[in-house]
Amino acid sequence: MRDFIDLQKRLFVLLVLFICALLLYSYNLRSKPSTNLFERSVLVLTEPLSQGVTTTTRGVITLWQDYLNLVRVKQENDSLFRELQRLERIHIRNHELTAENLRLKQLLEFREQVEEQAIPAQVISADAMNWFQTITINKGTSSGISENMPVVAASGVVGRTIKCAANSSRVLLITDASSAVAALIQSSRTRTVARGTGYDISCEFAARLDEASIGDYLITSGTGGVFPKGIPIGTLTKVYTPEYGLFQTIKAKPAVDFSRLEEVLVIVKKEQ
Amino acid sequence: MKLFLLFFPLSTVLLVAQTTLWTMFLPQIPCPNTTLLITLYLGFHAPLLAGGLCALALGFLLDVFSGVTFGFHGMILLGIFILTAGFSRQLNGDNTLTLPFATIIGTGAFALMSVTILLLFSDRDQVWLEIISSIPLQIGVNLVTVLALSPLLSCLGRIGAKQPLNSFRKHS
């Protein structure tokens, strides 16, 4: 009997804990994005590990692609091809350098275009679950980054910061279902809200009579309070105008290829 | 406390590995839900209160690495722990097939709880179809992972219990 009462007590405590967790979630859902002490501590402690693993792995991959593969090939070929392989190796390295140069140049040029101060950062990890679209970058509050700051790449909008620790921040991508960006269809200036669907973008509240065509560019409108005006979000891939109703159904493909994203810029507004 | 000190760092290392290495090498395959697997293990072997607190802490840890709102995974993993601990009295937790079986049910339960909470509380109503459609592949990935992790979990469980796992819960 005593065991039974003891078990009921423990179950009761767990149920109370569950209700507390529910209330905590509900409270956080309604409040402004912020980073609590627990999140900051974990991010601070794990950032060196994430950064180390990412940097080392990328280094090993580069080494493997640029050097080890060639060494293996070199061992397999006879002496007549040695000179050719040396040239090929140099060519590949130059090609890599050219691509890197171009990418960084684009990033720098983009940085010059942006009026606000932009902080470059590297992507160090992705979301732990598959149905949330977030990434972690290697810059945080020590670099002047705080929650709700816009994050962009050379090709367009990436997302906004939602959690910030000293040396790392989590960024909510524009493809996440809880992301919404005030947008404009560039050619017709139609106002809409670009909301993530998990893998692409859905344009909500685009008036039925406004013009929109497949291939049109979608840009930030600057009215949402987070993103500056005129940054590319994506291109329209599907436009359906119903005969009746208020709004059109519009889908867009993001301008940024998130699967290959390595460097981003966090825009810090001047007044901040 | 000992359980927490053993499983919390393990979960942290696994989360760092899956957010960095997994997404780099296997971007097309969904990440295994290692935190859920540890919670299921705790559901079978840990004392009710200590295991529940540990599951809640693991959920909060997962919230740091995933999602938008703090508390989401904490609540779900605590719920999964309570359900697993409840059913574990009817099952043989030391059978090697019990944890894989629990993984299948647990992965489905995790997805369904996620969908329910997202639909009821947040405005992420578009994501439910993605979550539901990902369940079969997620079960496969979680099954492979739980088979790989089982020896490590058992080893840590023994260290945490300081006694054979069979008698661990009876004494607690």
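The values are calculated or read from the model by the stated rules, or taken from the named source; none is laboratory data. Quick caveat, the model's predicted, so the values are computed rather than measured. Note: ideal-geometry Cβ built from the backbone for every residue, glycine included; neighbour counts use all protein chains shown.
Taking (1) within 14 Å of chain B (Cβ to nearest Cβ); (2) in contact (Cβ under 8 Å) with a residue 12 or more places away in the chain in turn, residue A:260 satisfies each apart from (2).
Can you run down the residue pairs with Cβ atoms below 6 Å, 6 or more apart or on separate chains, where the first is in region A:128-145 and over 17 Å from residue A:46 (Cα atoms) and the partner is surrounded by fewer than 22 Cβ atoms within 10 Å (Cβ to Cβ) and hydrophobic (A, V, I, L, M, F, W, C)? Qualifying pairs under 6 Å: A:131/B:131; A:143/A:119; A:144/A:268. The helices (runs of 4 or more DSSP H) found entirely in region B:109-172 that carry 1 or more residues being within 15 Å of the chain's Cα centre (by Cα) and either buried (at least 18 other Cβ atoms within 10 Å of the Cβ) or at pLDDT below 75 (or both) are B:135-161. The set of residues from region A:160-179 being within 12 Å of another protein chain (Cβ to nearest Cβ) and either within 16 Å of residue A:229 (Cβ to Cβ) or not in a strand (DSSP E or B) (or both) comprises A:160, A:165, A:168, A:175, A:176, A:177, A:178, A:179. Counting residues in region A:78-88 that are part of a helix (DSSP H, G or I), facing chain B (nearest Cβ under 9 Å) and either farther than 27 Å from residue B:49 by Cα or at pLDDT 90 or above (or both) gives zero. Only helices (runs of 4 or more DSSP H) whose full extent lies in region B:1-104 are considered here, and the ones with at least 3 residues that are surrounded by fewer than 23 Cβ atoms within 10 Å (Cβ to Cβ) are B:2-17, B:48-65, B:72-88. Here residue A:32 meets each of (1) at the interface with chain B (Cβ under 10 Å from one of its Cβ atoms); (2) modelled with pLDDT under 85 with one exception, condition (1).
Pairs are defined by a Cβ separation below 7 Å, a sequence spacing of at least 6 or placement on different chains, a first member in region B:32-55 that is free of Cβ contacts under 8 Å to residues at least 24 places away in the same chain, and a second member that is among the aliphatic types (A, V, I, L, M); the pairs so defined are B:49/A:13. Hey, any hits in region B:83-104 for a residue that's under 30 Å from residue A:41 (Cα atoms), facing chain A (nearest Cβ under 8 Å) and β-branched (Val, Ile, Thr)? Looking through region B:83-104, none of the residues is under 30 Å from residue A:41 (Cα atoms), facing chain A (nearest Cβ under 8 Å) and β-branched (Val, Ile, Thr).
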